[in-house]
Amino acid sequence: MVSVTIEDNRNGNHSYKIERKSQTENQLSFSVMKDGCLEELDFAVFCYNDTSTAFQYQENHIMPYPEGMSRMFCGLPLVGMENIGMPFILNSLEFEPEQERDGIAFDPTANPENLKILKDSVHLFEIVLNYVEKNKLRNAYHLTKMAKRYNGSQTSRTKFCEVGIEGYKQQLMKRAIVKNSDGDLFHSHK
């Protein structure tokens, strides 16, 4: 097991210890000790080609992403990507971010690799949704929050919506993962 301990003496004595408990193909668990209080954190993790994503869950319930968290990462979070319309976090070390690390250009002529990663993200989202459906995870609506909203050039916004958002929507419509107002799982065969 790998662990990290941090002692913070700036404003009193605070200690943090993070320990990786277990890891499987799609699961990563940590124990976090903060000032003597133990918390267990479980994450579902997924990879496809050069893309990866994760979400936290507790007792079979998907947890919301923290408010203000970037939705796109290139190893580290990209600035200004907190409010884009992406329903999940997308990480790729192969992204070529803008010079200020405040976005990704999805221009097919200027940077075809970024557009390929966006296309791969649709398949990654399919893998995530298959896992959620197979394992009957609750609160899947946290993975359905999307909008046609993206920072960047008009070309990038258009590609993000046409390739990303429309692809994610198509994947969602194939799954029975969100309950309707009657408590039944909504499923569309469109």
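For this structure, a couple of remarks:
- Ser22 vs. criteria more than 16 Å from the chain's Cα centre (by Cα), open to solvent by less than 40 Å² (accessible area, probe 1.4 Å) and under 30 Å from Ile177 (Cα atoms): no
- In the stretch 147-167, of all residues being within 17 Å of Ser70 (Cα to Cα) and in a loop (DSSP other than H, G, I, E, B), the one that is least open to solvent (accessible area, probe 1.4 Å) corresponds to Tyr150.
- So Glu94, is it open to solvent by 10 Å² or more (accessible area, probe 1.4 Å) and either on the phi > 0 side of the Ramachandran plot or part of a helix (DSSP H, G or I) (or both): no
- If you go through the stretch 62-80 and pick out every residue that is open to solvent by 60 Å² or more (accessible area, probe 1.4 Å) and either closer than 14 Å to Val128 by Cα or in contact (Cβ under 8 Å) with a residue 60 or more places away in the chain (or both), you end up with 1.
- Where Ser121 falls short, out of the listed (1) open to solvent by 20 Å² or more (accessible area, probe 1.4 Å); (2) within 18 Å of the chain's Cα centre (by Cα); (3) under 22 Å from Cys47 (Cβ atoms); (4) not hydrophobic (A, V, I, L, M, F, W, C): (1)
The values are calculated or read from the model by the stated rules, or taken from the named source; none is laboratory data. Just so it is clear, the model here is predicted, and its values are computed rather than measured. Here the Cβ is made from the backbone with ideal geometry for all residues, glycine too, and neighbour counts use every protein chain on show. Quick note on the areas: whole protein, heavy atoms, side chains included, nothing else; ligands and nucleic acids left out. Shrake-Rupley method; radii C 1.70, N 1.55, O 1.52, S 1.80 Å.
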